[in-house]
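Reviewing the structure listed below.
What follows is calculated from the coordinates using simple rules that are stated; it is not laboratory data. Treat the numbers as computed from the prediction; the structure is a model and nothing was measured. Here the Cβ is made from the backbone with ideal geometry for all residues, glycine too, and neighbour counts use every protein chain on show.
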Amino acid sequence: MGVVAIQSIKNTLITYLGFVVGAINVFFLYTAFLSDEYFGLITYILSTANVMMPLMAFGVHNTIIKFYSSYKSKSNQNSFLTLMLFLPLLIIIPSGLIGVFAFEVISDWFIGNNPLVKDYVWLIYAAAVSFAYFEIFYAWSKVQMQTVFGNFMKEVFHRVCIAILLLCLHFNVISVQELIYSILGVYVLRLIIMKLYAFSLRFPTLSFSKVNDISKVLKYTSLIIVAGSVANIILEIDKFMLNRYLNLEYVAYYGVAIYIATVIGVPYRAMHQIVNPITAKYLNEKNKLELKNLYKKSSLNLFIISGFIFLLIILNINQLYKLIDPVYADGLVVVFVISFSKLLETLLGNNNAILFNSDYYRMVLLLGVFLAILTIILNMYFIPKFGINGAAFATFIAMFLYNVAKIWFVYFKFKINPFSINTSKVFVLILVSLGVFYFWDFGFHPVVGIALKTLLITFFYGFFVYWLNFSENINNFLHKLINR
């Protein structure tokens with residue numbers, strides 16, 4: 001197996017481990033040990049920080065991946081990496097000063113419909129800075145073709161730490177306020193560990209000599225700030241805007257539903273960690289044939305794997321909600337809508353990597369700005385009308401249009417698309433599986449019912465994927481698994 005397959009499998013396993021721990025936190029620990037209001041507050045703080053993260057990072061985490069492989073000499077690489085380390089401070093320091101001198105104005109704007117938010121507004125800035133530099137050091141390790149440890153830190157480390165903190169809250173070791181501050185401390189600790197690991201792979205040699213093609217680098221990183229902000233706005237703005245129209249507990253209900261649906265995107269996230277720098281390499285080498293093959297394979301493999309996860313979620317969702325506080329079932333429609341959106345997104349394969357590492361990122365930026373504005377307008381219309389379901393509808397419409405536009409643009413510029421006849425066959429298999437299993441429920445305890453149904457779905461779906469040989473990569477993996 002190649003480096004993509006090996007690290008993608010490791011990253012997928014690590015990411016799912018993180019999601020299992022996260023699921024325990026979200027479904028059981030948060031809901032059992034914390035009030036809906038404070039759970040909503042934590043969700044709001046972290047989501048808003050994620051919206052701000054690309055700005056605080058100054059687009060550096062994407063810039064490192066795009067340009068690093070184009071510098072061949074050590075001296076040029078040192079100058080480039082030095083610039084990347086200090087560039088985010090051009091945003092972080094001024095924005096911090098503005099926050100200090102205009103705290104009342106800013107905090108009043110963030111409060112929305114919930115005064116409780118005011119005392120914790122500064123945590124949003126601190127978390128955004130922590131997220132930003134973590135992504136920068138993660139990108140630093142990615143270009144050294146080492147993604148597994150970074151993925152562990154990104155997906156598992158903080159969730160385990162938060163689980164421990166929630167248990168400490170339950171046993172009255174810490175208060176709710178101390179929990180919130182400690183969660184920020186976990187993200188700062190994660191940043192420090194990621195920095196040490198990145199520097200162990202390649203210790204920075206500070207060099208302030210002029211970077212080759214610096215105007216091209218600065219132009220890219222400036223524009224990618226907006227592009228990254230647009231992507232995060234589309235993903236996270238719904239939780240931010242829910243705070244402006246609804247009480248914080250609805251942010252919690254929505255957050256649980258989104259977490260369930262987000263599991264579908266885990267294989268995409270795992271594969272993207274290693275596919276992104278390889279895509280940049282193919283683009284820099286103008287290797288269109290390998291780029292086309294990677295595009296189609298990544299799309300098909302992700303669609304097959306994510307289709308299976310989609311089925312497990314949708315076909316077990318009613319039983320799953322029986323295990324959680326009944327009030328969280330208000331998010332059931334959200335799960336259906338966002339799950340379908342995430343499934344369609346996997347069809348893109350490495351589309352994002354192609355766009356953000358090519359010379360056409362400016363057009364994606366324009367499309368993204370338009371769709372970010374559309375997302376905000378749709379949320380302003382749908383949330384007051386349909387509540388948390390409205391936020392899901394707005395996100396689905398925006399993401400669908402954005403993804404269609406990106407597929408069309410790559411085809412228009414590169415004359416490649418991610419689809420094949422097997423794509424339609426997998427789609428038919430997913431529809432058939434829904435028809436066969438959706439109304440088939442067991443009269444047992446929800447855990448037993450979920451386990452039995454999962455086994456049946458796994459056998460049914462896995463058998464047809466293997467027998468019909470949709471993907472050579474997946475069949476080879478299944479064949480080795482069967483032999484073992």
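Computed from label points 7 Å out along Cα-Cβ, the spacing between residue 24 and residue 468 is 3.7 nm. Just how far, in whole angstrom, is the range 177-217 from the range 305-369 if you go by their alpha carbon centroids? Comparing the Cα centres of the range 305-369 and the range 177-217, I get a distance of 29 Å.
Counting only DSSP H runs of at least 4 residues, each contributing -39500 (n - 2.57), and dividing by the residue count of the chain, the helix-based mean residue ellipticity at 222 nm comes to -26500 deg cm²/dmol.
Straight-line cross-link partners of residue 72 among the aspartates and glutamates, defined as a Cα under 16 Å from its Cα and at least 8 positions apart when in the same chain: 213, 285.
Model label points for residue 119 and residue 72, set 7 angstrom from Cα along the Cα-to-Cβ axis, are 6.0 nm apart. Each peptide in 183-195, 97-109 receives the mean, over its residues, of other Cβ atoms within 10 Å, and ordering these scores from highest gives 183-195, 97-109.
Round to a whole angstrom and tell me the spacing of the C-alpha centers of the range 92-165 and the range 23-80. Cα centroid of the range 92-165 versus Cα centroid of the range 23-80: 7 Å apart.
Extending 7 Å from the Cα toward the beta-carbon at both residue 386 and residue 432 defines two label points whose distance is 3.1 nm.
Cβ-Cβ distance of residue 202 and residue 284, R₀ of 25 Å, FRET efficiency by 1/(1 + (r/R0)^6): the value works out to about 0.85. The packing ranking, built from the mean of other Cβ atoms within 10 Å per residue, places the peptides 419-428, 398-407 in the order 398-407, 419-428, highest first. For residue 293 and residue 223, the difference between the fully extended length at 0.36 nm per residue and the C-alpha to C-alpha distance is 22.4 nm. Estimated from the Cβ-Cβ distance and a Förster radius of 60 angstrom, the FRET efficiency linking residue 104 and residue 454 is about 0.70. Under the membrane-span-like helix rule (DSSP H runs whose alpha carbons stretch at least 27 Å along the helix axis, mean Kyte-Doolittle hydropathy 0.0 or higher), the chain yields 3-24, 36-57, 121-142, 176-201, 214-245, 288-321, 361-386, 388-414, 446-467. Extension gain, residue 212-residue 247: 0.36 nm per intervening residue step, less the Cα-Cα distance, totals 7.5 nm.
Rounded to the nearest 0.05, the FRET efficiency derived from the C-beta distance between residue 325 and residue 442 at R0 = 22 Å is 0.45.
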